[in-house]
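Step one of this worksheet: look at the structure below.
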Amino acid sequence: GADVSKLLAKTGLVTYDPGFANTASCASAITYIDGDAGILRYRGYPIEELAEHSTFAEVSYLLIYGELPTADELQAFTGRISRHTLLHEDLKLFFNGFPRDAHPMPVLSSAVSALSTFYQDSLDPFNDEQVDLSTIRLLAKLPTIAAYAYKKSVGQPFLYPDNSLGLVENFLRMTFGFPAEPYEADPAVVRALDLLFILHADHEQNCSTSTVRLVGSSNANLFASVSAGINALFGPLHGGANSAVLEMLEGIRDDGGDVKKFVERVKAKEDGVKLMGFGHRVYKNYDPRAAIIKKTADDVLSAMGKRDDLLDIAIELEGYALSDEYFVSRRLYPNVDFYTGLLYRAMGFPTKMFTVLFAIGRLPGWIAQWHEMINDPQTKIGRPRQLYTGPTTRSYVPADQR
Ligand code: ACO
């Protein structure tokens, strides 16, 4: 309700840009997005090519170090990660302090924050060796922390990582396996999860990544910065959207499956209801990640022998919205989260874990962006300005006279 032009005149020369929709906070060589054309590239490589040919480990290396690794470099990288997957036994005690029904996202961010207390030898943001060590530690330990957050929520024992396994298999075993019982992950699930991690690995200056950079700009260490990013990702307008989509689809199914009725409620902005998994700040075209996921969702679900009534509702809902004037005129298309929840569900993850999976996927992007920020001579502490709307000077009145 404030008259912005008057406030600007009083403040002097500042830009007023709510949500930073038109403000570049940094220069970056990591991820390229053309939102109008629906293009996404990591370090110049189209997401479609990486999705088809690469792996999450390789993409993580690419994002963090800038180039695709040679076979030897990749082996050295994954070998180092494998050697750091264990959590300190004392850190494991943290999980007992949370309520059993705690959401795993704050558990994840708390445990990542606590890494600063266990690894005090790698906290100097300007010491390359220390940064490298905390990078590997974080990549290695986040999946273990995520699996333990799940195990805690279902009351099952923690499994030590099995470092003969790849990153995704190891994570699936720690999540769904039992001690002293053999566990073999379904190769279709391993490949699908690896693909989903690739698609989430970076997305330039989104809310959580900007948070990581902002916190890091105070020279806070990598663990502290990433922990803040995880909290930003927790919000339903960001990473929390993938679970919100599934809840929305279940709601439509339980209400008789009438897609049209739901869309009418969205258009009327009834109770602020939104079509979750639709719309994006940057994409004003089909999100290229959603296109890849949609293509694979059907294949993967049938390979896993899981036909899903919610997938049918999602496809119908998408078709309906894409031909409706409300969504067309606002250029609202499905985003990455529209189909991911269906795949996560088919893999056996409860809804609460969906955003945790997003965090595992996004981690290499956060790390790459933090590295770039800390090494950029242009970086200054993040400190936006404001337009003040409060009272002008007032005199203090003692409590007994108010
Ligand atoms: N359903 C219905 N209407 C929508 C939706 C939606 N999903 N998204 C945007 N709109 C409408 C808004 O109400 C607004 O309409 P108006 O002009 O009549 O006021 C118009 O489209 C513009 O939307 P904004 O909210 O201004 O767009 P913004 O860029 O600020 O927000 C966001 C983008 C947050 C993603 C929004 O589209 C949204 O809330 N989507 C649903 C949540 C979601 O799926 N988030 C995941 C994003 S992707 C990610 O984090 C991986």
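The values are calculated or read from the model by the stated rules, or taken from the named source; none is laboratory data. Quick caveat, the model's predicted, so the values are computed rather than measured. Note that we place each Cβ from the backbone using ideal geometry, even for glycine, and neighbour counts take in every protein chain shown.
Within the stretch 274-313, track down each residue that is surrounded by 19 or more Cβ atoms within 10 Å (Cβ to Cβ), within 13 Å of the ligand (Cβ to nearest atom) and over 17 Å from Ala37 (Cβ atoms).
Leu275, Met276, Gly277, Phe278, Gly279, Ile293
Of Leu159, Leu138, which residue is surrounded by 21 or more Cβ atoms within 10 Å (Cβ to Cβ), outside any helix (DSSP H, G or I) and not hydroxyl-bearing (Ser, Thr, Tyr)?
Working: Leu138 fails: outside any helix (DSSP H, G or I).
After ruling out the rest, the residue left standing is Leu159.
All but one of (1) in contact with a Leu (Cβ under 8 Å, 6 or more places away or on another chain); (2) in a helix (DSSP H, G or I); (3) more than 16 Å from the ligand (Cβ to nearest atom) hold for Phe178, so report the exception by its number.
(2)
From the list Phe354, Phe278, Phe338, pick out the single residue that is in contact with a Ser or Thr (Cβ under 8 Å, 6 or more places away or on another chain) and of a type in the set (Phe, Trp, Tyr). First the steps, then the outcome.
Values: Phe278 fails: in contact with a Ser or Thr (Cβ under 8 Å, 6 or more places away or on another chain); Phe338 fails: in contact with a Ser or Thr (Cβ under 8 Å, 6 or more places away or on another chain).
Selected residue: Phe354, the only one of Phe354, Phe278, Phe338 that is in contact with a Ser or Thr (Cβ under 8 Å, 6 or more places away or on another chain) and of a type in the set (Phe, Trp, Tyr).
Somewhere in the stretch 208-220, is a residue out of contact with any strand residue (DSSP E or B) (no Cβ under 9 Å at 6 or more places or on another chain) and modelled with pLDDT under 95?
Looking through the stretch 208-220, none of the residues is out of contact with any strand residue (DSSP E or B) (no Cβ under 9 Å at 6 or more places or on another chain) and modelled with pLDDT under 95.
Determine, yes or no, whether Val190 is surrounded by fewer than 23 Cβ atoms within 10 Å (Cβ to Cβ), out of contact with any Gly (no Cβ under 7 Å at 6 or more places or on another chain), assigned to a helix (DSSP H, G or I) and among the aliphatic types (A, V, I, L, M).
It is true that Val190 is surrounded by fewer than 23 Cβ atoms within 10 Å (Cβ to Cβ), out of contact with any Gly (no Cβ under 7 Å at 6 or more places or on another chain), assigned to a helix (DSSP H, G or I) and among the aliphatic types (A, V, I, L, M).
Within the group Tyr61, Tyr45, Tyr65, Tyr32, which residue is in contact with a Phe, Trp or Tyr (Cβ under 7 Å, 6 or more places away or on another chain), among the aromatic types (Phe, Trp, Tyr) and either at pLDDT below 95 or under 22 Å from Asp194 (Cα atoms) (or both)?
On the way: Tyr45 fails: in contact with a Phe, Trp or Tyr (Cβ under 7 Å, 6 or more places away or on another chain); Tyr65 fails: in contact with a Phe, Trp or Tyr (Cβ under 7 Å, 6 or more places away or on another chain); Tyr32 fails: in contact with a Phe, Trp or Tyr (Cβ under 7 Å, 6 or more places away or on another chain).
Among Tyr61, Tyr45, Tyr65, Tyr32, only Tyr61 is in contact with a Phe, Trp or Tyr (Cβ under 7 Å, 6 or more places away or on another chain), among the aromatic types (Phe, Trp, Tyr) and either at pLDDT below 95 or under 22 Å from Asp194 (Cα atoms) (or both).
Collect the residues in the stretch 1-51 that are farther than 17 Å from Val336 by Cβ, in contact with a Ser or Thr (Cβ under 6 Å, 6 or more places away or on another chain) and away from the ligand (no atom under 14 Å from the Cβ), keeping them in residue-number order.
Ala2
Quick check: anything in the stretch 236-249 away from the ligand (no atom under 16 Å from the Cβ) and surrounded by 14 or more Cβ atoms within 10 Å (Cβ to Cβ)? If you could, list the steps in order and put the result at the bottom.
Taking the stretch 236-249 first, the residues away from the ligand (no atom under 16 Å from the Cβ) are none.
There is no residue in the stretch 236-249 that is away from the ligand (no atom under 16 Å from the Cβ) and surrounded by 14 or more Cβ atoms within 10 Å (Cβ to Cβ).
Only one of these is surrounded by 24 or more Cβ atoms within 10 Å (Cβ to Cβ), within 16 Å of the ligand (Cβ to nearest atom) and modelled with pLDDT under 95: Thr351, Thr340. Name it. Reasoning before the result, please.
On the way: Thr351 fails: surrounded by 24 or more Cβ atoms within 10 Å (Cβ to Cβ).
Matching residue, one of Thr351, Thr340: Thr340.
Looking at Ala76, Ala149 in this structure, which one is free of Cβ contacts under 8 Å to residues at least 12 places away in the same chain and either in a loop (DSSP other than H, G, I, E, B) or under 25 Å from Phe197 (Cα atoms) (or both)? Spell out the reasoning first.
Working: Ala149 fails: free of Cβ contacts under 8 Å to residues at least 12 places away in the same chain.
Result: Ala76 is the single residue among Ala76, Ala149 that is free of Cβ contacts under 8 Å to residues at least 12 places away in the same chain and either in a loop (DSSP other than H, G, I, E, B) or under 25 Å from Phe197 (Cα atoms) (or both).
Based on this model, can you work out whether Leu332 counts as in a loop (DSSP other than H, G, I, E, B), within 16 Å of the ligand (Cβ to nearest atom), farther than 30 Å from Gly305 by Cα and in contact (Cβ under 8 Å) with a residue 12 or more places away in the chain? Spell out how you get there, then give the answer.
Working: in a loop (DSSP other than H, G, I, E, B): yes; within 16 Å of the ligand (Cβ to nearest atom): yes; farther than 30 Å from Gly305 by Cα: yes; in contact (Cβ under 8 Å) with a residue 12 or more places away in the chain: yes.
So Leu332 fits the description; yes.
Could you look through the stretch 315-329, keep only residues that are free of Cβ contacts under 8 Å to residues at least 40 places away in the same chain and not polar (S, T, N, Q), and pick out the one that is surrounded by the most Cβ atoms within 10 Å (Cβ to Cβ)? So that I can check it myself, show each step before the final result.
Pass one, the stretch 315-329, residues free of Cβ contacts under 8 Å to residues at least 40 places away in the same chain: 315, 318-319, 322-323, 325, 328-329.
Now restrict to residues that are not polar (S, T, N, Q): 315, 318-319, 322, 325, 328.
Values: Ile315: 15, Glu318: 21, Gly319: 11, Leu322: 14, Glu325: 8, Val328: 12.
Among residues in the stretch 315-329 that are free of Cβ contacts under 8 Å to residues at least 40 places away in the same chain and not polar (S, T, N, Q), the one surrounded by the most Cβ atoms within 10 Å (Cβ to Cβ) is Glu318.
Inside the stretch 87-116, can you point out the residues that are part of a loop (DSSP other than H, G, I, E, B) and under 23 Å from the mean Cα position of the chain (by Cα)?
Quick first cut of the stretch 87-116, residues part of a loop (DSSP other than H, G, I, E, B) only: 87-88, 98-103.
Listed by number, the residues that qualify are Leu87, Phe98, Asp101, Ala102, His103.
Is it true that some residue in the stretch 371-384 is modelled with pLDDT of 95 or more, among the aliphatic types (A, V, I, L, M) and outside any loop (DSSP other than H, G, I, E, B)?
Yes, the stretch 371-384 contains at least one residue that is modelled with pLDDT of 95 or more, among the aliphatic types (A, V, I, L, M) and outside any loop (DSSP other than H, G, I, E, B).
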